[in-house]
Amino acid sequence: IEVVDIDPGSSAAYAPVNLNAPELLATDGLQPSESDPRFHQQMCYAVARKTIEHFERALGRKALWSSYRHNKKGKFCDNYVPRLRIYPHALRQQNAYYSPQKKALLFGYFQTSAKDGRNTPGTTVFTCLSHDIIAHETTHALLDGVHPRFNEPVNEDVLAFHEAFADLVALFQHFSYPGVLRDQIART
């Protein structure tokens with residue numbers, strides 16, 4: 001995977017975080033921060049890698065991304081895709097999605113409104129900081145790599161399968177963290 005941090009809405013390009021920098025390795029990465037784009041990059045990378053790791057363990061092989069398929073002189077050609085791209089600040093909207101055309105995860109951000117009772121009005125919410133959203137969208141990309149035609153809505157169950165599977169992966173991934181698992185067991 002590769003994280004490309006370009007924000008088309010503000011014409012900003014954020015410098016990439018070097019997760020191999022000695023000062024980050026010594027502190028186990030950046031401290032959580034809603035305002036630091038480098039933490040957003042780290043969060044996307046870490047959760048996507050963990051999701052990919054779980055898939056690869058279950059499949060017993062490396063995950064592959066769906067190839068670029070295009071028509072060249074009446075003949076379909078497939079171009080190998082070596083990396084899934086992740087854009088933490090791709091959209092200025094309350095959305096995030098996997099783009100099969102771009103072979104990329106696109107995350108949005110938005111200002112909360114006064115009608116929103118869960119957040120302070122006027123604050124910015126970044127979808128790239130949601131573990132569930134990152135795992136969900138990464139799962140869409142992984143499913144596309146397993147079988148690209150699962151994205152074709154030949155009937156309503158195909159897209160429902162995609163959404164349900166991505167939701168379940170995000171949910172079950174929470175229980176791969178020992179602290180979360182201990183907390184849930186203690187509550188029951």
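FRET efficiency for Asp132 and Asp36, Cβ-Cβ distance as r, R0 = 22 Å, nearest 0.05? Working shown, then result.
Values: r = 21 Å, r/R0 = 0.94.
Once the sixth-power term is evaluated, E becomes 0.60.
Just in the range 1-70: which trypsin sites (Lys or Arg not before Pro) are loop by DSSP and have at most 14 other Cβ atoms within 10 Å? Intermediate values should be presented prior to the final figure.
Details: sites: Arg38, Arg49, Lys50, Arg57, Arg61, Lys62, Arg69; in loops: Arg61, Lys62.
Sparse-neighbourhood loop trypsin sites (Lys or Arg not before Pro): Arg61, Lys62.
Relative contact order, percent, of the range 44-188 when contacts are C-alpha pairs under 8 Å separated by at least 6 residues?
Here the relative contact order equals 20 percent.
Using only DSSP helix segments of four residues or longer, with each worth -39500 (n - 2.57), what per-residue ellipticity at 222 nm results for the chain after dividing by its residue count and rounding to 500?
Computed mean residue ellipticity for the chain: -12500 deg cm²/dmol.
How many times 2.2 N^0.38 Å is the alpha carbon radius of gyration of the range 45-188?
Ratio of Rg to 2.2 N^0.38 Å for the range 45-188: 1.20.
Could you list, bin by bin from short to long, the percent of Cα-Cα pairs of the range 126-188 in 5 Å steps?
The calculated distribution, bin by bin, is 3, 17, 20, 20, 16, 11, 7, 4, 1.
Please state, rounded to one decimal and in Å, the Kirkwood hydrodynamic radius that the range 120-162 gives when every pair of distinct Cα atoms enters the mean of 1/r.
12.2
At a Förster distance of 35 Å, what's the computed FRET efficiency of Ile185 paired with Asn119, Cβ-Cβ distance as r, to 0.05?
Working: r = 30 Å, r/R0 = 0.86.
Calculated transfer efficiency: 0.70.
Calculate one ³J(HN,Hα) per residue across the range 14-29 by plugging θ = phi - 60° into the Karplus curve 6.51 cos²θ - 1.76 cosθ + 1.60, and present them in order as whole Hz with x for glycine and proline.
Coupling constants for the range 14-29: 8, 4, x, 7, 9, 6, 9, 5, x, 5, 7, 5, 5, 10, 6, x Hz.
Pairs of lysines 8 or more apart, or on different chains, with alpha carbons under 29 Å: count those in the range 13-132, would you?
Pairs that pass both the separation and distance tests number 13.
Taking the Cα centre of the chain as origin and charging only Cβ (+1 Lys, Arg; -1 Asp, Glu), how large is the dipole, in debye to the nearest 20?
Values: 20 positive and 20 negative charges, 130 e Å.
Dipole magnitude for the chain comes out near 620 debye.
Can you tell me the dipole magnitude for the range 6-105 around its Cα centre, using point charges on the Cβ only (Lys, Arg +1; Asp, Glu -1), in Debye to the nearest 20?
Magnitude of the dipole: close to 880 debye.
From the phi of every residue in the range 147-162, what ³J(HN,Hα) in whole Hz does the Karplus formula 6.51 cos²θ - 1.76 cosθ + 1.60 yield, where θ is phi - 60° and glycine or proline is x?
In residue order, the calculated couplings are 8, x, 6, 5, 8, 8, x, 5, 7, 5, 6, 5, 5, 5, 4, 4 Hz.
Please sort by residue number the chymotrypsin sites (Phe, Trp or Tyr not before Pro) in the range 22-115 whose DSSP state is loop and whose Cβ has at most 16 other Cβ atoms within 10 Å.
Of the chymotrypsin sites (Phe, Trp or Tyr not before Pro), the ones in loops of the range 22-115 whose Cβ has at most 16 other Cβ atoms within 10 Å are Tyr80.
For His89, list long-range residues whose amide hydrogen, built 1.01 Å from N in the peptide plane, is under 5 Å from its own amide hydrogen.
When sequence neighbours closer than 5 places are left aside, the close amide H contacts are Ile6, Phe107.
Just read off the accessible area of Leu142 with the full protein assembly in place, 1.4 Å probe, to the nearest 10 Å².
Looks like 10 Å² after rounding.
Which of Ala166, Gly145, Ile134 sits farthest toward the positive end of the charge dipole of the range 95-188, with +1 on the Cβ of Lys and Arg and -1 on the Cβ of Asp and Glu?
Ile134
Once the other residues with Cβ under 13 Å from the Cβ of Val158 are scored (Lys, Arg +1; Asp, Glu -1), what is the net sum?
Spelling it out: positives minus negatives among the neighbours equals -4.
Have a look at Ser10, Val154, Ile52 and report the one farthest towards the positive end of the charge dipole of the chain, computed about the Cα centre with Cβ charges (Lys/Arg +1, Asp/Glu -1).
Checking the options against the dipole of the chain, the answer is Val154.
Which Cα, out of Ala104, Val125, Ser67, lies furthest along the positive dipole direction of the range 48-128 (beta carbon charges, K/R +1, D/E -1)?
Toward the positive end, the furthest listed residue is Ser67.
Using a 1.4 Å probe, what is the accessible area per residue for the chain, in Å²?
Counting only protein heavy atoms, the per-residue value for the chain is 62 Å².
The values are calculated or read from the model by the stated rules, or taken from the named source; none is laboratory data. This structure is a prediction, so every number in the text was calculated from the model and none was measured. With ideal geometry, Cβ positions are generated from the backbone for all residues, glycine too; neighbour counts draw on all protein chains shown. Protein only, heavy atoms only, side chains kept; ligands, DNA and RNA dropped before computing areas. Shrake-Rupley method; radii C 1.70, N 1.55, O 1.52, S 1.80 Å.
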